[in-house]
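What follows is one structure encoded as structure tokens, with my remarks underneath.
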Amino acid sequence: MPFIDSKVSVKVSEEQKKELKERLGQAIAIIPGKSESWLMLDLADEQNMYFRGDDSQPTAFICVNIYGSANESAFGKMTAELTKIYGEVLGIAPDHMYIKYAASMDWGWNGSNF
């Protein structure tokens, strides 16, 4: 059960939201054992974001939360893919994105914990 939480400074159209949903659904499979069938997404657009004291450039903060763990190699591949996706879809430069990973065994669903 992965959750990708995105905060971006740009306005995201419905078409872009759909493309992000589809591409992130494919990308999550880079992390072994993860798939779109359990993926939850949140995309907060038009956020007031400052990077290096400046708010004039498109910026993104992306957090990938997963149940369990993954190796650094999978996270490295995922970073490359997320950078590509957000760059192509939203025009955000790679040097204006932070990507954070959080892995935990403490997840609840359907009234109980795994």
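Summary of values
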| quantity | calculated |
| --- | --- |
| Residue tally, condition without any contact (Cβ under 8 Å) to a residue 40 or more places away in the chain, of a type in the set (Ser, Thr, Tyr) and not in a loop (DSSP other than H, G, I, E, B), over the stretch 1-60 | 1 |
| Test result for residue 72, among the acidic types (Asp, Glu) and closer than 15 Å to residue 99 by Cβ | yes |
| Given (1) at pLDDT 95 or above; (2) in contact with a strand residue (DSSP E or B) (Cβ under 9 Å, 6 or more places away or on another chain); (3) under 17 Å from residue 2 (Cβ atoms); (4) not aliphatic (A, V, I, L, M), index of the condition residue 46 fails | (3) |
| Only listed residue being closer than 24 Å to residue 114 by Cβ and surrounded by fewer than 17 Cβ atoms within 10 Å (Cβ to Cβ), chosen from 93, 29, 70 | 29 |
| Filter result for residue 102 (loosely packed, with under 12 Cβ neighbours inside 10 Å and either in contact (Cβ under 8 Å) with a residue 12 or more places away in the chain or under 11 Å from the mean Cα position of the chain (by Cα) (or both)) | yes |
| Scan of the stretch 65-108 for residues that are among the β-branched types (Val, Ile, Thr) and in contact with an Asp or Glu (Cβ under 8 Å, 6 or more places away or on another chain), ordered by number | 89 |
| Any hit, the stretch 74-85, residues being modelled with pLDDT under 95 and among the acidic types (Asp, Glu) | no |
| Subset of the stretch 4-26 that is in contact with a Phe, Trp or Tyr (Cβ under 9 Å, 6 or more places away or on another chain) and closer than 16 Å to residue 78 by Cα - its residue that is surrounded by the most Cβ atoms within 10 Å (Cβ to Cβ) | 6 |
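The values are calculated or read from the model by the stated rules, or taken from the named source; none is laboratory data. Worth saying up front: this structure is predicted, and the values here are computed from it rather than measured. Note: ideal-geometry Cβ built from the backbone for every residue, glycine included; neighbour counts use all protein chains shown.
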